[in-house]
Structure formats: C-alpha cells, structure tokens
Amino acid sequence: MENNNNNKHLNILLFSGDYDKCLAALILVNGARQMGLTVTVFCAFWGLFLLRDVDKISMEDKNIYEKMFSSITPSEAEKLPLSKMNLAGIGKNMLLTMMDENDTPHLQDFLQGARNKGVRFCACKLSLEIMGFKSEELLEGIEVIDVQAYLQDALNSNIQLFI
Amino acid sequence: MENNNNNKHLNILLFSGDYDKCLAALILVNGARQMGLTVTVFCAFWGLFLLRDVDKISMEDKNIYEKMFSSITPSEAEKLPLSKMNLAGIGKNMLLTMMDENDTPHLQDFLQGARNKGVRFCACKLSLEIMGFKSEELLEGIEVIDVQAYLQDALNSNIQLFI
Amino acid sequence: MENNNNNKHLNILLFSGDYDKCLAALILVNGARQMGLTVTVFCAFWGLFLLRDVDKISMEDKNIYEKMFSSITPSEAEKLPLSKMNLAGIGKNMLLTMMDENDTPHLQDFLQGARNKGVRFCACKLSLEIMGFKSEELLEGIEVIDVQAYLQDALNSNIQLFI
C-alpha cells in the first residue's frame, strides 16, 4: 500500500478540543505517516488545547480574562473532555477502560507517536492571540502560522479534513 | 449534470452519531450516487451507531464495560439524538414532524436508499474493537476495514469530508 | 503567496450554527479571498442561521411547528451560541471580550467582509424547506441551491471542508 504515497499530503485543521475527536485525528495522522504521507495538523481554537505543555503554562502577561480562561480550560491533552456522554467524566473513564482492555494507546501516546513520526504540528496565530495563550506555553517544536499559510498547505494536499 | 462524473469519487469519514449530522451525510451520498459518483462512507466511533442492526445486538462475549456501553448507547439509526436542542427529544420530535410536513424521508429511509443505490459502507476496525461491538452486530454487507484502507480510498477520491 | 491561486477554489459546507465554528469558517474564507481563491459557502441545517436577516423574519405562511422552531432559534449571526463552555452565555461573553482586547472583529464583521470580498454564499434548498424558512427571510443576494449543485461545486474545488 506504500507505493507512490511518498509525494502525497494529508492536511488536517483540528478545531475540536474533544478527547474523542482529537483521538480520531491522531489515529489518522499516525496511519498516514506509516503509509508514507506527509502530514500537517493545523490546530485552531479548542484544538490548541492539544498542544499546551502543562509544565509551561504561565499567568504572566495575561489579562484578567485570559487568566480566567486559562484556569477553566483543560491544561493538557489527556484532560480533554469527550464530545458525547461525558457525564462528569464517567463516559470518558469508561472509554479509557475499554481502550485499556484492548491495549489501545491513549491520546498522549498517539500524540507522542505522531511527533516522533514527523507529523508537522502548527498552532493558529490568531487563535493564540484571541485565547491569550503564549507560544512559549506550547509543546516544544510547534510552529505558529497564520490562516493563509494553512490554506497554502491545504492547497498542496491530497486530503483536507476539518475536525 | 451527470456527464463525466462516473469516474469521480466521494469519500466521507462519518465520526458523528448525531441524527442531524448522519442525515446530512446520507442526503449527500444519495445525491452523489444520483449524479453517478462512486461513494464510500467510513463509519468510525459514534458513526458506528448508524450501522448497528437492532435485531443482532448481542451481550455474548462482551466484558462488563462493553455491556454497559452497549446498553446506554442508541441501538439503531432512528434512535440517534440531535446535536443541538435535543431537549430530551422535544427538538428531535419537532424536526421529525417538520420533515413529515414536507414529505422528507427519515434517516432510516435515506440509509436504505443509499444502500440500494450502491453506496459502500465500511466500519472502522479499531473503533469496533474499542467499543466492543462485533461485526456480526452490524447491518448485512458492511465491510470492516482499517484506517489505512480508509486513507487509501480517500487518496483516490475527489471530495473527502469529515462529518 | 498570491501567485497561481486565481484559478483555485475553496468550498465549505457550513452545517454548524455555533458561533465559534462559523467564526472559523468566516476567517478561512476571508483569508482565502485575500489569496485570490474563489470561495463558495453552502449553508445547510444550523448553518442557515448565519444567513437569516433579523429584519425580514416573518411568521406568515408558517405552520405551528415552523413558528415554534423560528421563535426558539437564533435570529441572526451575532446571537449564535458557542459550541463549548457556553454556560448560559458566560463563555461566549468571555470570548467576545478577549476578541475585543485583541481588536479581533466579531462574527458579523467577518460575514460582511466575506460578502464584500465576493464570497458566494448559498442556502441549502432542502434545509430551508425542512426548517420552514423562506428564502425571503435570508440576507440579500443569497442563492438557494440543491445538494447536487453543491456537490458539483465541490467537485470543481481544490479544498472541500465540512464545518
């Protein structure tokens, strides 16, 4: 299946900050890399939560709204809620247990796997500004790009998905 | 409008298990088949609910979590909730009544229509495993494929959507 | 970056009526037009709420369900709810305040900007019928097209997104 896929390109705009949708996105990009595709993930709005580094979150240089927003939002990938049946975390715990029973890796593992495999993760410049996140609060090696750079990458891609 | 569409291909990754989003997906694939397009629908995560056969759901070979999960989730397409204003079913009943007033078919009818028209429905192998659904619990004729087979189909498509 | 983009085409199916998702869609289409791309936005289901003209909403020729539906749904773009953390409007007000702090325009401004830049906005014929909205209730210059016309436009596009 890997023949002729080396010059193919998958582009994902990750808008969602839901655990299950981020999981779907990361399963896709890991699979795509294994097939030899080039992969870009452009994280915007709630999708930025995937890229926050819990050890680097800072309240410095944030105004009152940005501080409030930062403190009520999930601080790292593994803390993201489920899009359906979250039920104060019961549904998510059930899903995680079922994943463990099947030896399925968790979100954090898929994220690390994707980064190891060379998936390019980018953060949306405008979203960072609106949400008051600093690029220093993100995981190492995340590029900050604008909407037009995302669109140019999408134009050069064979598959574009909005998740 | 049907000229030159016979070698075109629409590929949908159906992640959602919401009634309205599944309805949108099925309206699209029915329209696409009428135009002569080849159509693949890859159902993953909550999208698997569209493909369960209520007469075949079994509790055998399921662990305790899979049994709980199976019993709290919708057993067939027509029981799916609305993504917005579900309000304990009031919003959905209102939508269904409005659809009836306009002689719009229900989800089940669009699903049957799509299957009759030759839309290829596939279930995500990994999602089945995580959720503890057996392939025998699905509607007849559903293929079980993995993420890479989905991606290969998407690479060969003219339109790819994540719904 | 504008070279060779004049014959490129972005096609968005806007299904969502959430403030944040509509904002993401409109930021994309404004950026795309600045790069010289042709842009079509096909609004279906909840996405129709983006195109309602608050001054033209009428209860005439509506049945009882359509009247109820019309009165409980958002009457214009700026009134749309947030997809996450809406918390009776607190989350949205916080987001709007953070946008103001960064001089980011609101949804209505991005919509007007997109219309001024020549983005083609279309309303889904079937969705209008189901929801009981008349084409006269929409903003001026909105085309009403069917699913197959959307698909044909999507086939002729370089990027297709379902939002």
Checklist entry - Which distances, in nm and shortest first, link the B:ILE64 label point to the same label point in every other copy, taking 7 Å along Cα→Cβ? => result 4.9, 4.9
Next on the checklist: Only helices at least 27 Å long along their own axis, judged from Cα atoms, and with Kyte-Doolittle mean hydropathy of 1.6 or greater: name those in chain B from DSSP H.
Outcome noted: none
Item to check | For A:VAL54, C:VAL41, order by how many other beta-carbon atoms lie within 10 Å, fewest first | outcome: A:VAL54, C:VAL41
Next on the checklist: Just to be sure I follow: if Rg is taken over the C-alpha atoms of the range B:10-126 and Rh is the Kirkwood radius over the same atoms, what is Rg/Rh?
Outcome noted: 0.99
Item to check | Copy-to-copy label separations for A:GLN34, where each label sits 7 Å from Cα toward Cβ, in nm and ascending | outcome: 3.9, 3.9
Next on the checklist: Please arrange C:TYR150, C:TYR19, A:TYR65 by how many other C-beta atoms lie within 10 Å of their C-beta, fewest to most.
Outcome noted: A:TYR65, C:TYR150, C:TYR19
Checklist entry - Mind checking the mean number of beta-carbon atoms from other chains within 10 Å of the Cβ atoms in A:68-76? => result 2
Checklist outcome for this item: Rounded to whole angstroms and listed largest first, the alpha-carbon spread of the range C:62-143 along its three principal axes comes to 43, 34, 15
Item to check | Shielding score for A:150-161, defined as the mean number of other chain Cβ atoms within 10 Å | outcome: 6
Checklist outcome for this item: Sorted by chain and then number, the residues having a modelled amide H within less than 5 Å of the amide H of C:LEU138, at least 5 places away or on another chain, are C:ASP53
Item to check | Shielding score for B:48-57, defined as the mean number of other chain Cβ atoms within 10 Å | outcome: 0
Item to check | Cα-based reach from A:LYS134 at 17 Å (exclusive), listing lysines while leaving out same-chain residues under 8 positions away | outcome: A:LYS56, A:LYS62, A:LYS67, A:LYS125
Item to check | Largest-first ellipsoid semi-axes for the protein assembly as shown, taking √(5λ) over the Cα gyration tensor eigenvalues, angstrom | outcome: 29, 29, 25
Item to check | DSSP bridge pairs, chain A: antiparallel proportion in percent, nearest 5 | outcome: 5
Checklist entry - How many angstrom lie between the C-alpha centres of the range B:102-163 and the range C:60-139? => result 31
Item to check | Antiparallel DSSP beta bridges within the protein assembly as shown, percent to nearest 5 | outcome: 5
Checklist entry - Which cross-chain or sequence-distant (5 or more) residues have an amide H under 5 Å from the amide H of C:VAL144, H modelled 1.01 Å from N in plane? => result C:ALA123
Checklist entry - Mind checking which lysines have their C-alpha under 21 Å from B:LYS8, skipping anything on the same chain fewer than 8 residues away? => result A:LYS8, B:LYS117, C:LYS8
Checklist entry - Relative contact order (percent) for chain A, with alpha-carbon contacts under 8 angstrom and 6 or more residues of separation? => result 36
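Every read-out reported here was derived from the displayed coordinates using simple, explicitly stated rules and does not represent laboratory data. None of the values given here were measured: they were computed from a predicted structure. Using ideal geometry, Cβ is built from the backbone for each residue, glycine included, and neighbour counts are taken over all protein chains shown.
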